Amino acid sequence: MDCASCIGCGACVAACKNGSAMLFISSKVSQLALLPQGRVEAARRVKNMVAKMDELGFGNCTNTRACEAVCPKNETIANIARLNREMLKAKVAY
């Protein structure tokens, strides 16, 4: 549950050349996706969080790992991979 340590400081967004909030969003999605209680609304959650990120104009991840390098809580981009898997599952489910 390392993904639960994200404090939402925004350092990852500031370091990203695309202004991507994917490390932050993926940490929150991962935190809940790994818990059995989080499965109930997993598809709706990931769709809503990614839609809001897009609506607010944040960029997409290009895997440069700049976000990972500056994160004070050592969040990993493996969470972004989990976010992408959760998003694919959500799209297929509905």
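The values are calculated or read from the model by the stated rules, or taken from the named source; none is laboratory data. Nothing here was measured: the structure is a model prediction, and the numbers come from that model. Neighbour counts are summed over all protein chains in view; Cβ atoms, including those assigned to glycine, are modelled from backbone coordinates with ideal geometry. The protein model used for the area step is the full one, side chains on, heavy atoms only, and it has no ligands, DNA or RNA in it. Shrake-Rupley method; radii C 1.70, N 1.55, O 1.52, S 1.80 Å.
Would you check if S26 is at pLDDT below 90 and either surrounded by 15 or more Cβ atoms within 10 Å (Cβ to Cβ) or outside any loop (DSSP other than H, G, I, E, B) (or both)? I'd like the intermediate steps shown before the answer.
Values: at pLDDT below 90: no; either surrounded by 15 or more Cβ atoms within 10 Å (Cβ to Cβ) or outside any loop (DSSP other than H, G, I, E, B) (or both): yes.
No: the conditions fail for S26.
Can you tell me which of (1) within 16 Å of A90 (Cα to Cα); (2) open to solvent by less than 40 Å² (accessible area, probe 1.4 Å) is the one K47 doesn't meet?
So the condition that K47 fails would be (2).
So is T64 modelled with pLDDT of 90 or more and over 14 Å from the mean Cα position of the chain (by Cα) or not? Working first, answer last.
Numbers: modelled with pLDDT of 90 or more: yes; over 14 Å from the mean Cα position of the chain (by Cα): yes.
Considered against the rule, which asks whether it is modelled with pLDDT of 90 or more and over 14 Å from the mean Cα position of the chain (by Cα), T64 comes out as yes.
Taking the range 2-53, which residues are on the phi > 0 side of the Ramachandran plot and without any contact (Cβ under 8 Å) to a residue 24 or more places away in the chain?
Step one: of the range 2-53, the residues on the phi > 0 side of the Ramachandran plot are 8, 10, 19.
Answer for the range 2-53, where residues must be on the phi > 0 side of the Ramachandran plot and without any contact (Cβ under 8 Å) to a residue 24 or more places away in the chain: G8, G10.
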